[in-house]
Amino acid sequence: MPQTLSILVVDDNRIRASIIEDGLREAGHAHVHVITEINEVAARIGEIAPDVVIIDLENPNRDMLEHFFALSRALQRPIAMFVDKADPGSIEAAVDAGVSAYVVDGLRKERVKPILDMAISRFRAFSRLREELAEAKSELENRKAIEKAKGILMRTRGLSEDEAYALLRRTAMNQNRKIAEIAQSLITAAGLLEP
Amino acid sequence: MGLTPITIGYVPLLDAAVLIAAQEQGFAEAEGLEFDLVRETSWANIRDRVAIGHFDLAHMLAPMPLSANLGLTPLDAQMIAPMALGLGGNAVTVSNAVWEQMRRAGAGPGVDAWQAGLALKRVIAARAKNGSPRLRLAVVHPESGHNYELRYWLAASGIDPRHDVEIVIVPPSFQPDALAAGRIDGYCVGEPFNSVAAARGIGRTVTTKSSIWRSSPEKVLGTRLQWAERYPERLGAILRAVTRAARWSGDPANREALARMLAREDRLGVSDAILMRALTGDLMLGRGENLKVDDFFIPYERAANFPWQSHALWFYAQMVRWGQASHSAGNAQIAARTYRPDLYRAALAGMGMAVPSANAKIEGALVEPTALGAQGGMLTLGPDGFFDGTQFDPDDLDAYIAAQSDLPAQ
């Protein structure tokens, strides 16, 4: 039963770690341990005795982690999860998702695959979330810049708010650039001209 | 016909220079290749991504293809090292506090391995007596030249690396921070991370790889055996391009251009002034002391690119010595066959560049630069001595391994 597996998630990104943890718990895995600080692994590896370790491939501490496993004999001969020899496609998918997982030798593929799938899908969900957040943030900044540029035009050229916006939009269209870019240039230029 | 794309992984370190130069200076293109260099964050990633075919080849720790073939790693892919990427380049740096103790125990000036080793032995003995914790020293990976040269140096100096100190793994670029924060007391790492500690004033370089074992191997170009067998022409072209790039990199006239190329934020991201230190061997040891080391890092001279099977066997002997691998005739054969001088020689035939005709040599036998006959001309090797005066004869592997099991008395 998958419930009997002890799963260790090592990730210095707390938000991502908790998203992966939630996914694993929802999938019925009760023994999920999350460690965000790599130095903690050495101390706790023995008590956790993980069957599966999930770690971000981009984590430069992978070398350190492998060493801990070897020292504690917690994972006798760690096998990268994406090493499913019969299925190079899932290996590629796991690596693309940035997930590298280690399982104890002899752990059967049927038991491990759902964990890997879960980790990958949660990892992707996190990436999507981060992209959306970045987009929302830049959208907000653009709007602020446009407001500020309108204010400058209204003050220096005596335009109404609508006229100021129309001027920004016309300039952007003529120069084939985004309104936010024009607004940003205007703010920069105004900054330079200030006494 | 377009260029053939070749994906190569590397870790941002000085000895990735020859691969970066091969791409940037057009050596790859001249062979009809387009190098796509992918910067990686860990040696485990390098190894695994070569094994699953993400990378055609990679900048690899010299013992790493051996450990893969000896079954010490997660993946079962067979790996080979058809070329080495240079000699030397590492050093051992300790914290200012440890250096102060070593200095009082007779170390310095300079980086003499004997002197530094004896001083460190005294420091360790004194610490044990007054109940101080063991010194914690970092290396970059368990199967690395760093781990083996550090342990060799300690053991030959009368320090048991298994009990007298603690050896931990820390990624190269994190080592200076770990030293500054007091989490480790010293480290053995490749450049530029010794110079970085000196520049930041947080440590002192106490000895160099070239002082422990002159002309010793460091990184290799590693690939899957399967890939090499499938694309022999590509591999040959790569070996030629990278060898030309190594020759270019070793030319003093090109050092400044090379340092600028490597300094870029998307390459090593370390200032070219610091990189020039290692390239010229004009080392900043720390605490205001500078030292010129002639053979600190050798990208091309002294057959630096030749994958000597005696190097592979020395690494294997260290794996056995420190309990990572068990010794058998079969394992020794696996280790020796991981390095492929035959492929290197075949690729360079007719290029007018001298390549050794032997596959192995007695390590530590050359006390001065020695000319030898080689395919394609004359070649000067060595000196290649170990600091403790021992020799490694690959034909007498059993005796060497047996002799090494005698560790220093506690």
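Sort A:176-188, B:277-289, B:10-22 by the packing proxy (mean of other Cβ within 10 Å over each peptide's residues), most packed first.
For the peptides A:176-188, B:277-289, B:10-22, the packing ranking is B:10-22, B:277-289, A:176-188.
Quick one, what does Rg over Rh come out to for the stretch B:108-179 if you take C-alpha atoms and the Kirkwood Rh?
0.97
Rounding to the nearest 10 and keeping the result within 0 to 90°, find how far the Cα-based axis of helix B:232-250 lies from the longest principal axis of chain B.
It works out to around 50 degrees.
At 37 °C and a viscosity of 0.692 mPa s, what translational diffusion coefficient does Stokes-Einstein give for the stretch B:15-103, taking Rh as the Kirkwood radius over Cα pairs? Give it in µm²/s as a whole number.
In µm²/s, the coefficient is 212.
Considering the stretch A:147-195, what Rg and Dmax in Å follow from its alpha-carbon atoms?
Computed over the Cα atoms of the stretch A:147-195, radius of gyration and Dmax are 10.3, 31 Å.
Could you line up B:M276, B:M319, B:M378 from fewest to most neighbouring Cβ atoms inside 10 Å?
With the sparsest Cβ surroundings first, the list reads B:M378, B:M276, B:M319.
Would you calculate the convex hull of the Cα atoms in the stretch B:192-270 and tell me its volume per residue in Å³?
Once divided by residue count, the hull of the stretch B:192-270 is 153 Å³.
Hey, could you pull the Cα Rg and Dmax for the stretch A:105-175, both in Å?
Looking at the stretch A:105-175, its Cα Rg and Dmax stand at 24.3, 77 Å.
Give the angle, between 0 and 90 degrees and rounded to the nearest 10, that separates the Cα long axis of helix B:329-338 from the longest principal axis of the Cα atoms of chain B.
60
Apply the Karplus parameterisation 6.51 cos²θ - 1.76 cosθ + 1.60, with θ equal to phi minus 60°, to every residue of the stretch A:48-57 and state each ³J(HN,Hα) to the nearest whole Hz, in sequence, with x for glycine and proline.
Whole-Hz 3J(HN,Hα) from phi for the stretch A:48-57: 6, 6, x, 8, 9, 10, 10, 9, 5, 4.
Just the projected area, averaged over all directions, of the convex hull on the alpha carbon atoms of the stretch B:224-369: how many nm²?
12.4
For the residues A:I20, A:I45, what sequence is obtained by ranking on other C-beta atoms within 10 Å, fewest first?
Fewest-to-most ranking of A:I20, A:I45: A:I45, A:I20.
Work out the FRET efficiency for A:R44 and B:D395 from their Cβ-Cβ distance, taking R0 = 56 Å, and round it to the nearest 0.05.
0.75
Starting from 0 in steps of 10 Å, tell me what percent of the Cα-Cα pairs of the stretch B:161-311 lands in each bin.
Spelled out bin by bin, the stretch B:161-311 gives 9, 32, 35, 18, 5, 0 percent.
When you count, for each residue, the other Cβ atoms within 10 Å and take the mean per peptide, how do B:41-52, B:228-239 rank with the highest first?
The densest-packed peptide leads the list: B:41-52, B:228-239.
Output the peptides B:307-314, B:175-182, B:323-330, B:349-356 sorted from most to least packed, where packing is the average of other Cβ atoms within 10 Å over each peptide's residues.
Top of the packing list down: B:307-314, B:175-182, B:349-356, B:323-330.
Using a 10 Å cut-off around each Cβ of peptide B:51-57, what is the average number of partner chain Cβ atoms that fall inside?
Partner-chain Cβ atoms within 10 Å, mean over residues of B:51-57: 3.
Counting other beta carbons within 10 Å of each Cβ, put B:T208, B:T243 in order, fewest first.
Ordered from fewest to most neighbouring Cβ atoms within 10 Å, B:T208, B:T243 come out as B:T243, B:T208.
Placing +1 on the Cβ of each Lys and Arg and -1 on the Cβ of each Asp and Glu in chain B, which of B:A237, B:L70, B:H146 has its Cα farthest towards the positive end of the resulting dipole?
About the Cα centre, the residue reaching furthest to the positive side is B:H146.
Could you count how many Lys pairs in the protein assembly as shown have their Cα atoms under 24 Å apart, skipping same-chain pairs fewer than 8 positions apart?
15
Any chance you could run the full-extension gain for A:M154 through A:S6? It's 0.36 nm times the residue separation minus the Cα-Cα distance, nm to one decimal.
Between A:M154 and A:S6, full extension yields an extra 46.9 nm.
Would you kindly derive the ³J(HN,Hα) couplings of the stretch A:160-176 from the backbone phi angles with the Karplus curve 6.51 cos²θ - 1.76 cosθ + 1.60 (θ = phi - 60°), listing them in order in whole Hz, with x for Gly and Pro?
7, 4, 5, 5, 4, 5, 4, 5, 4, 5, 4, 4, 4, 5, 4, 8, 6
If you build the convex hull over the alpha carbons only and average its shadow over all orientations, what do you get for the stretch B:63-217? Give it in nm² to one decimal.
9.5
Express the relative contact order of the stretch B:39-127 as a whole percentage, based on alpha carbon pairs under 8 Å and six or more residues apart in sequence.
16
Over the Cα atoms of the stretch B:301-404, what radius of gyration and what Dmax do you get, in Å?
According to the Cα coordinates of the stretch B:301-404, Rg and Dmax are 14.5, 43 Å.
Starting from the 7 Å offset along Cα-to-Cβ, what nm value, one decimal, do you get for the label separation of B:R183 and B:E289?
Placing both labels 7 Å along Cα→Cβ, they lie 2.8 nm apart.
Give, in nm to one decimal, the length gained when the segment between B:D266 and B:R230 is fully stretched (0.36 nm per residue of separation minus the Cα-Cα distance).
Gain on stretching B:D266 to B:R230: 9.8 nm.
How many angstrom separate the Cα center of the stretch B:1-77 from the Cα center of the stretch B:131-172?
Centre-to-centre distance over Cα atoms comes out at 27 Å.
Take the Cα atoms of the protein assembly as shown, find their three principal axes, and give me the spread along each one in whole Å, biggest first.
The principal-axis extents, from largest down, are 90, 64, 61 Å.
Starting from the Cα gyration tensor of chain B, multiply each eigenvalue by 5, take the square root, and state the resulting semi-axes largest first in whole Å.
Sorted largest first and rounded, they come to 32, 24, 20 Å.
Cα axis of helix B:309-321 to longest principal axis of chain B: angle in degrees, 0 to 90, nearest 10?
40
Quick note: the coordinates plus some simple rules give every number you see, no bench work behind them. All values derive from a computational prediction rather than experimental measurement. Cβ coordinates were reconstructed from backbone atoms using ideal geometry, including for glycine residues, and neighbour counts include every protein chain displayed.
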